[in-house]
Amino acid sequence: MEQRHLGRTGLRVSRIGLGTLTWGRSGEGPDEAEAAEQLKTFWEAGGTLVDTADVYGGGEAEYLLGRLIGGLVPRRDLVIATKAGSVPDPHRRVDGSRGHLLAALDDSLARLGTDHVDLWQVHAFDPAIPLEETLQALDLAVSSGRARYAGVAEFCGWQLAKAATWQLAAPGVRTRLASTQMEYSLLQRGVEREVLPAALDLGVGLLPSSPLGRGVLTGKYRDGIPADSRAASQTLGAFVDPYLDEAASLIVDAVATAAHGLAVTPLQVALAWVRDRPGVSAPIVGARTAAQLASALSVEALSLPEEICQALDDVSAPVHRYPDQDWSTL
């Protein structure tokens, strides 16, 4: 699999990443044997970037990944990325304090069974904490060797620009942001308004989450909701439901038409589209089974013709109004 630099840094990652959002979820995610098969399939395909977080499965995703690395796949062959900052507290969903973040990193390292992660990400912006305090945790993590590179997730445009600029203001002292992780797909192009332009300008690589529109772009929901799908799940059904409307259906139909014309699958078309967008480093793909993951990884050989890309751009184009619209056209 092709490797790409993550933003304007020396870290190289596979251009498809393996996501572990559902790992450790009893009855809904892969069990240890299935997770092992996924990781092995990913590694054998040349994949390196494995993305997790301290809150995935209440920490079980990190435990599971930690049990697999080393014995099943050499640690040196993986780029392990995790996150901290989200907290399971209904009254306070985010904690960006230096104390919490550094303690969470130590806990993540213990669960992963490693002395460092390759990419450590602040999971969300915390408006209650000075941004410089949050970012200092990244600096301390890197300077102490517990993290090799640092990034953020779920930061809007101004938040990303402020954070990245703060880090660039003292080169050699502060750790430049390598990446930002945000949802991005043909069904969700909101990052193109401000987040992606900021990332491109500041040399921050984008790691798209849910690049298959939460599974909807595979076409599996065109004729109803399969009983074994996420949309049928009590806990994950609300995650999929926003993309089962008429507007999304038109985009899914266009993807299916393109796939038919190219003799490939809708999954491959949707994933190739987001993988090759400007500023994208590596879409993060999650799967229930190794077979599903293998289908996603088969996109490596596919590059969409320009005409197909333009048609998909047109059918999925978000509405840009003031002040997002180019002022010269107003």
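Odds and ends about this structure:
- Matching entry among Leu236, Leu186 (being at pLDDT 95 or above and open to solvent by less than 40 Å² (accessible area, probe 1.4 Å)): Leu186
- Residues that are open to solvent by less than 10 Å² (accessible area, probe 1.4 Å) and over 27 Å from Glu300 (Cα atoms) do occur in the stretch 39-59.
- Pair list, Cβ under 7 Å, 6 or more apart: the stretch 301-323 residue at pLDDT 95 or above, other residue open to solvent by 60 Å² or more (accessible area, probe 1.4 Å) and assigned to a helix (DSSP H, G or I): Val315/Leu250
- Taken over the stretch 175-202, residues that are under 27 Å from Val240 (Cβ atoms) and within 17 Å of the chain's Cα centre (by Cα) amount to 17.
- When the stretch 22-32 is filtered for residues that are surrounded by fewer than 21 Cβ atoms within 10 Å (Cβ to Cβ) and either on the phi > 0 side of the Ramachandran plot or modelled with pLDDT of 95 or more (or both), only Gly27 remains.
- Qualifying residue in the stretch 88-105 (condition: open to solvent by less than 20 Å² (accessible area, probe 1.4 Å), under 29 Å from Asp139 (Cβ atoms), within 18 Å of the chain's Cα centre (by Cα) and at pLDDT 95 or above): no
- Filter result (touching a Lys or Arg at 6+ places or on another chain (Cβ under 8 Å), modelled with pLDDT of 95 or more and small (Gly, Ala, Ser)) within the stretch 247-300: Ala256, Ser281, Ala282, Ala290
- Residue count for the stretch 117-151, restricted to those that are open to solvent by 40 Å² or more (accessible area, probe 1.4 Å) and part of a loop (DSSP other than H, G, I, E, B): 6.
- Within the stretch 60-73, the set of residues being open to solvent by 30 Å² or more (accessible area, probe 1.4 Å) and of a type outside the set (Gly, Ala, Ser) comprises Glu60, Tyr63, Arg67, Leu72.
- Verdict on Gly10 being assigned to a loop (DSSP other than H, G, I, E, B) and either open to solvent by 20 Å² or more (accessible area, probe 1.4 Å) or at pLDDT below 95 (or both): yes
- Filter result for Asp253 (acidic (Asp, Glu), more than 17 Å from the chain's Cα centre (by Cα), under 20 Å from Leu187 (Cα atoms) and not in a helix (DSSP H, G or I)): no
- Qualifying residue in the stretch 189-198 (condition: under 22 Å from Ala81 (Cα atoms), touching a Phe, Trp or Tyr at 6+ places or on another chain (Cβ under 7 Å) and at pLDDT below 95): no
- The listed residues are Ala169, Ala153, Ala178, and the only one of them that is without any contact (Cβ under 8 Å) to a residue 60 or more places away in the chain and either of a type outside the set (D, E, K, R) or over 25 Å from Arg277 (Cα atoms) (or both) turns out to be Ala169.
- Residues satisfying the stated conditions in the stretch 261-287, i.e. in contact with a Leu (Cβ under 6 Å, 6 or more places away or on another chain), assigned to a helix (DSSP H, G or I) and closer than 15 Å to Val191 by Cβ: Trp273
- Selection over the stretch 238-250 of residues that are assigned to a loop (DSSP other than H, G, I, E, B) and of a type in the set (A, V, I, L, M, F, W, C) gives a count of 1.
- Qualifying residue in the stretch 155-167 (condition: in contact with a helix residue (DSSP H, G or I) (Cβ under 9 Å, 6 or more places away or on another chain), at pLDDT below 95 and open to solvent by 10 Å² or more (accessible area, probe 1.4 Å)): no
- Some residue of the stretch 207-218 being part of a loop (DSSP other than H, G, I, E, B) and surrounded by fewer than 19 Cβ atoms within 10 Å (Cβ to Cβ): no
- Considering residues of the stretch 78-94 that are assigned to a strand (DSSP E or B) and of a type outside the set (D, E, K, R) only, the residue farthest from Leu65 (Cα to Cα): Val94
The values are calculated or read from the model by the stated rules, or taken from the named source; none is laboratory data. Just so it is clear, the structure is predicted and the values come from calculations on it, not from any experiment. Counting neighbours? That spans all protein chains shown, and the Cβs are built from the backbone with ideal geometry, glycine included. Calculation scope for accessible area: heavy atoms of the full protein, side chains included, ligands and nucleic acids excluded. Shrake-Rupley method; radii C 1.70, N 1.55, O 1.52, S 1.80 Å.
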